[in-house]
Amino acid sequence: MLPDSNFPKEFLDAFGRPRRVVTCECKRSDTPSMTQALLMISGGLLNRKVAYSNGRIAKLVKANTPADQVVDELFLCSLSRMPTTEEKQAALAEIATASSPQESYEDFLWTLLNTREFQFNH
Amino acid sequence: MPNTQPSRRAFLQASGVAAGAFVGGQNVFAESTNANPPAKRAIVLFLQGGCSQLDTWDMKPDAPAEYRGEFDSIATATPGYRLCEHMPMLAARTNQFNVLRSVHHGTPSHEAAIHWVLTGYDYPGANTTTKNRNDKPSVGSFVAKVKGPSRPGLPAYFCVPDKGQLGDRVRYADSHFLGMAYSPFESGPIPVDAESPFRVPQPLVMFRDMPVTRFGDRQGLLQQLDNFKRDADASGMMTGMDQFRRTALEMINHPVTQAAIDLSKETRGTRQRYGSNKFGQRALMARRLAEAGVPFTLVNLADNQDWDTHVDNFNAMKTRLLPLLDRAVATLLDELSERGLLDSTLVAVVSEFGRTPKINNNAGRDHWSDVFSVILTGGGLKTGQVLGTSNARAEIPQDRPIHYNDVLATIYRQLGIATDRVFMHEGRPVPILYQGTPIPELI
């Protein structure tokens, strides 16, 4: 059983769950697909979790965490490393221009989860 | 220190993120396209399982009972040519298509025959466990490679509903060495009747309709931050995923695929007209995709080798298969023609092989690849011809044998694709087809 009963079926299907039309030994698909690319960009699973009202970003915003600490934390929780100086500058510049910190952090985390680094290393 | 760089937002507005891989309307992925081919696109309807030639297009009313089967033949729009009684709509339209009754490839196993029919290449030992993926690129992938998408955000190659065959035990409609960028885009499940609602697959719609400006911001940030490179991308996965992502962003930026695939835009009357069943609704999807401009659409008119009638062939054919096929194909041809699309849209009805002329002990027919029938029309082809004959028991070609690759060569020709063009694979040149010439009577 999956721990999250709301885990969207389409996400698992796109990421290689066998279709189970018939019983067979054919291997599950392990190659990237167009549907995977679409789901990472537009999909409800990722977008909903990024914007979850009791999620990491919501808590950071509620605690008035300074932007540079938020950037560090989002890098650590997604790519398991600290940002480089350039990355941090780019992120902070983007966040500074945004009207809503919550939205800009959501956009930032979405971006990190859509990087090749996340998708191929993690 | 003041920031002297132009703001990324301004840059995005000026350049238009939406331009994606399309520069001035040119698709930079397409290698070459012949200037003005007669067919702009093709729809291949695939009767997976193996459709009996004797109970459809190649009736043998004078053969002994254990061969001819229980169906009667009926007159058609073509003088002297008779079709199965369970295909009355197509019988009235034989002047609008061509029947090729002497097609052969001589490969009687499902796996190898499916691979052959979808690629033009033999795959010795093809099976559902160790050789269940392409050994050569499929026709649709070659078309996608050579022609590219007809417009931004609309993939060049669609599979309806998916790229699997034999109940998804093999997937031979894929791109193989051409790379994942030329894999088919799968429409996903299609309603099984004319009443069920259709919902656009979630990934084609941006979550909660995010405003365009915010989605643009995200894409800009991604461009800035996505600098990770893997030195050895031997599998090509990262390159493939990059191309997928570029296409995916295009598909969200230009929702043409979302609009094309949305079967709910059709009236109930139209959905009924195609038949309130899975074949009809899939054929309707093919018409929508052709209308949108998809260069190649492969439609599986079967889920789990429905046409593989080893047992109870005649009941299956007259209840579950032929009436549905008759209405779906006839309506597709009618609608393409009414919309002025048939001249530029090649339509083929193919099966991986035919079935044994002699009826077996289970009132069924088994695999038979020595002769079977193919339907071809549209896309600038001449029409109304019944080409080639099989012998008295539909066992082997008699007059004008047609190798199956000639069918593919004809499709490629009409699409303006030279089949002697080669692509390098592991240091060796692989032609689009190694054998097969266009059928002169049809062009």
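A few comments on the model shown:
- Prolate/oblate/rounded label for the range B:226-360 (Cα gyration tensor, a/c 1.5): oblate
- Counting only residues at least eight positions apart within a chain, or on another chain, the lysines with an alpha carbon under 16 Å from that of A:Lys49 are A:Lys9, A:Lys59.
- Its residue count N sets the reference 2.2 N^0.38 Å, and the alpha-carbon radius of gyration of chain B equals 1.03 times that reference.
- A Förster radius of 30 Å, combined with the Cβ-Cβ distance separating A:Ser99 from A:Leu76, puts the computed FRET efficiency at roughly 0.70.
- Between the listed residues B:Pro155, B:Val170, B:Gly80, the Cα displaced farthest toward the positive end of the dipole of chain B, a dipole computed from Cβ unit charges relative to the Cα centre, is found at B:Pro155.
- The modelled label-to-label distance for the pair A:Glu86/A:Lys62, using points 7 Å beyond Cα in the direction of Cβ, is 3.7 nm.
- Nitroxide proxy distance, nm - points 7 Å out along Cα→Cβ at B:Thr389 and B:Met237: 5.7
- Lys, Arg +1 and Asp, Glu -1 on Cβ, resulting dipole of chain B about Cα centre, debye, nearest 20: 1180
- Between the listed residues A:Thr115, A:Ser53, A:Thr97, the Cα displaced farthest toward the positive end of the dipole of the range A:52-122, a dipole computed from Cβ unit charges relative to the Cα centre, is found at A:Ser53.
- Qualifying aspartates and glutamates (Cα of each under 19 Å from Cα of B:Lys147; at least 8 residues distant if same chain): B:Glu31, B:Asp174, B:Glu186, B:Glu250, B:Glu291, B:Asp343, B:Asp420
- Within the straight-line cut-off of under 23 Å between alpha carbons, the lysines reachable from B:Lys131 are A:Lys27, B:Lys163, sequence neighbours fewer than 8 places apart in one chain being disregarded.
- Coordinate range along principal axes, alpha carbons of the range B:312-443, Å, largest first: 49, 41, 31
- Within the range B:331-393: Cβ-based charge dipole about Cα centre, in debye rounded to nearest 20 (Lys, Arg +1; Asp, Glu -1): 340
- Area hidden from solvent between A and B (accessible, protein heavy atoms only, 1.4 Å, total, Å²): 4300
- Test item: Cα-centred dipole of the range B:88-152, Lys/Arg +1 and Asp/Glu -1 on Cβ, debye: 320
- The range B:211-285: C-alpha gyration tensor shape, a/c 1.5 cut-off, then a/b vs b/c: oblate
- Taking 0.36 nm per residue of separation and subtracting the current Cα-Cα distance, fully stretching the chain between B:Val212 and B:Ser337 would add 41.3 nm.
- If R0 is 22 Å, the Cβ-Cβ spacing of B:Asn95 and B:Arg400 corresponds to a FRET efficiency of close to 0.65.
- Selection from B:Thr94, B:Ala259, B:Gly436 lying farthest towards where the dipole of the protein assembly as shown points positive, charges on Cβ: B:Ala259
- Cα pair distances of the protein assembly as shown binned at 10 Å [whole percent]: 3, 17, 26, 23, 15, 9, 5, 2, 0, 0
- Spacing of the two label points (7 Å from each Cα toward its C-beta) at A:His122 and B:Arg199, in nm: 2.9
- Sulfur and carbon atoms: percent of accessible area, the range B:59-213 [1.4 Å]: 52
- Debye log10 I(q)/I(0) for the range B:83-169, one point scatterer per Cα, at q = 0.15 Å⁻¹: -0.82
The values are calculated or read from the model by the stated rules, or taken from the named source; none is laboratory data. Source: prediction; values computed, not measured. With ideal geometry, Cβ positions are generated from the backbone for all residues, glycine too; neighbour counts draw on all protein chains shown. These accessible areas exclude ligands, DNA and RNA; they are computed on the full protein's heavy atoms, side chains included. Shrake-Rupley method; radii C 1.70, N 1.55, O 1.52, S 1.80 Å.
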